[in-house]
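Quick notes on the structure that follows.
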């Protein structure tokens, strides 16, 4: 009788374990959050100031909201919860333990062809919207490799640092910061 109870307990544990494995994990909806931020920028009467540094030359201009939307979507828009995309990323959650920040980090394994190699969502516990999103992106245009590091601070700014490589040599570096202050 003891053995039957023990076998039933093991069977139940295996059944619960299999159910948990079959449940679909949902990743943070980066695309929905970005869309919400862009809608907020579009709907408010705010100017977007663009600071651009290339080499030793710095320039400050106003950016068109439509062009900014296209740039932001082109750099950061990714549908993490689509099955063919989700399987290419691994998720890691880090809690600093002092109620100031939870980092949700998505990384791709080597060999995957998605340009966004790392996405880090920083959320304050108890809030649904992130404080910031950090992303690392690699693109190739002909024989030029472009490595970008992007920081989007909610309601404030987007910083894009781009390094252009030709072969193993740095060809150019460009830093662009967009500020809107909502």
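Read the figures in this text as sums done on the coordinates, not as results from a lab. It should be emphasised that the depicted structure is a prediction, and the values quoted were computed from it without experimental measurement. Note that each Cβ is placed from the backbone with ideal geometry, even for glycine, and that neighbours are counted across all protein chains shown.
Observations on the structure shown:
- The calculated 222 nm mean residue ellipticity attributable to helices in the chain amounts to -9000 deg cm²/dmol, summing -39500 (n - 2.57) over DSSP H runs of n ≥ 4 and dividing by all residues.
- Over the chain, Cα pairs under 8 Å with separation of 6+ residues give a relative contact order of 18 percent.
- Gyration tensor over alpha-carbon atoms, the chain, equivalent ellipsoid semi-axes in Å: 41, 21, 14
- Annotation: for a label point projected 7 angstrom from Cα along Cα→Cβ of residue 53, residues of segment 153-175 with backbone N closer than 18 Å are 153, 157-164, 171-175.
- Counting 0.36 nm for each residue step from residue 128 to residue 87 and taking away their Cα separation leaves a gain of 12.4 nm.
- Distance in nm between pseudo-label sites at residue 136 and residue 31 (7 Å out along the Cβ direction from Cα): 2.4
- The angle separating the long axis of helix 65-76 from the principal Cα axis of greatest extent in the chain is about 40 degrees.
- Among 131-138, 77-84, 164-171, the order from most to least packed when residues are scored by Cβ within 10 Å on average: 131-138, 77-84, 164-171
- Label positions at residue 77 and residue 60, each projected 7 Å from the Cα along the C-beta direction, are separated by 3.1 nm.
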